[in-house]
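Input: a single structure, listed below in structure tokens.
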């Protein structure tokens, strides 16, 4: 009987050694709304397999998952060797509001054996009692802009002054729909500031200049990142007193920011309003002001300032009936984080002679600080076009007008001098003159037609200057998110008016499937390289001639089709 009892005790202890033990912890114990917290599954099991954990997060959002703290222990019970593996599986969550958060339908699957756990209730509070060690915040320079008024949004990573960050990686970029967007390479500079009574270090990880395209309430999307930081240091290990530093990772997300875009309701908008807000200047460059009929007139308008120049269209400067206007070429470039430059190149072809006096062209901008519209003046110099569409060699009629004495004398001299060539009568002279005029007339028409067709052909297949420059920079310097974004944005057509996501623009374009895959991957690589600490180690993406040639061909064809409409 005693032997039987001892055997049962040994079997019971063996079962305990092989049992699965699961604990759920929350860090911090009292999470705050709109701030990250962790749900930690600590699992002790004899299995070496990775468990599958599932649960319903309720009104919270799961930001990410990771495993850490794996330990293995071996025991011998009743002559049987058992190995137990203990690991922690961490889920990063965020709750948008305070209240009782109920995690339900919790199931842990290990080697096909499912363990169902009771619901876990977490109390989400409205305010925190202690400062955060790490958090991400979107800071907006203007939460109440006018329609089309530019403002900056900076995403800062904050961490307590006594702590440090080893590195970070952006997991999710903001889509920022309903905005014109300009992205900027963040500085690696770390600042020290006071916030909520505590000292923090902060680092800019993502930055953009935005121009709202819709009125009313708009949302600034959050950015989600993963950070690596030293968890703790153990001092005095062994005789020499070495310390061991453990590193941990954590996924954090910024809060969504809402802004209210103002309309011009109640404000009288002038007819010549350009749509530009802030400090903007206009400059017209004209090489000369005297031309001949059928000679191209070229003007260059340069606009610099704070406005949304990407959507600013060329103003109509010359409206003479005698002028034929060709498509205006435009290019845009960024000067700094706030200002940009847009250049318009006009080409006109005068069909008749005319003169146009010097005049002032007025265009209006809006000053949001003074709440008034301001007229900017563009000085258009006087233009003089001379000549005719066809210039004959003689206005003399063959029906009755006699020549002057001097003309007759000259004719007689010419006849005498050319006597050895045969008799030349006045009738022959006139016939020869008219034949020569006819030949010149026909030749002029042919040359004119060829010139116009050549000009049209050249204009038809000429890419915008910015496209050529961006393509050259990408080929020379490799993948760059900002340049690639601006180049691919040229694929946007009239059917994509509401589409602002650059990946959707690529997906909806007429590029081949392989080219779409290439550029989508290039954008992803460009995002990582431009906005994470990984630097060039991820920049293994190379410029592929065949895909960029296809892209430039599609852009050229789109520009040609637009000119025909």
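The values are calculated or read from the model by the stated rules, or taken from the named source; none is laboratory data. Small disclaimer: the values here were computed from a predicted structure and weren't measured. Cβ: placed from backbone, ideal geometry, glycine included. Neighbour counts: every protein chain shown.
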Out of curiosity, is residue 188 surrounded by 16 or more Cβ atoms within 10 Å (Cβ to Cβ), over 19 Å from the mean Cα position of the chain (by Cα) and not assigned by TED's automatic domain parsing to the domain that holds residue 483?
no
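This table checks each residue for (1) modelled with pLDDT of 85 or more; (2) assigned to a helix (DSSP H, G or I).
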position	(1), (2)
499	no, no
506	yes, yes
514	yes, yes
517	yes, yes
521	yes, yes
524	no, yes
529	no, yes
533	no, no
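To keep it simple, each residue is scored yes or no on (1) modelled with pLDDT of 80 or more; (2) closer than 29 Å to residue 127 by Cα; (3) more than 43 Å from the chain's Cα centre (by Cα); (4) in the same structural domain as residue 111 (by TED's automatic domain parsing).
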site: 52; (1), (2), (3), (4): yes, no, no, yes
site: 61; (1), (2), (3), (4): yes, yes, no, yes
site: 76; (1), (2), (3), (4): no, no, yes, yes
site: 79; (1), (2), (3), (4): no, no, yes, yes
site: 83; (1), (2), (3), (4): no, no, yes, yes
site: 88; (1), (2), (3), (4): yes, yes, no, yes
site: 91; (1), (2), (3), (4): yes, yes, no, yes
Every residue from region 334-392 that is in a strand (DSSP E or B) and farther than 26 Å from residue 287 by Cα
365, 366, 367, 372, 373, 374
Keeping to region 318-333, report how many residues are assigned to a loop (DSSP other than H, G, I, E, B), surrounded by 15 or more Cβ atoms within 10 Å (Cβ to Cβ) and more than 33 Å from the chain's Cα centre (by Cα).
3
Filtering region 240-254 down to residues that are surrounded by 16 or more Cβ atoms within 10 Å (Cβ to Cβ) and modelled with pLDDT under 90, which residue is nearest to the chain's Cα centre (by Cα)?
251
Of all residues in region 274-294, which are farther than 23 Å from residue 338 by Cα and either in contact (Cβ under 8 Å) with a residue 60 or more places away in the chain or in a strand (DSSP E or B) (or both)?
285, 286, 289, 290, 291, 292, 293, 294
List the number of the failed condition for residue 183; all other conditions in (1) under 19 Å from the mean Cα position of the chain (by Cα); (2) buried (at least 19 other Cβ atoms within 10 Å of the Cβ); (3) at pLDDT 90 or above hold.
(3)
Mind counting the residues in region 212-228 that are in contact (Cβ under 8 Å) with a residue 60 or more places away in the chain, surrounded by fewer than 18 Cβ atoms within 10 Å (Cβ to Cβ) and touching a strand residue (DSSP E or B) at 6+ places or on another chain (Cβ under 6 Å)?
2
Could you grab me the full set of residues in region 80-130 that are under 20 Å from residue 34 (Cβ atoms) and crowded, with 18+ Cβ neighbours inside 10 Å?
90, 91, 92, 93, 94, 95, 101, 103, 122, 124
Residue check, residue 34 against (1) modelled with pLDDT under 85; (2) in contact with a strand residue (DSSP E or B) (Cβ under 9 Å, 6 or more places away or on another chain); (3) on the phi > 0 side of the Ramachandran plot; (4) surrounded by fewer than 16 Cβ atoms within 10 Å (Cβ to Cβ), all met but one. Which one?
(4)
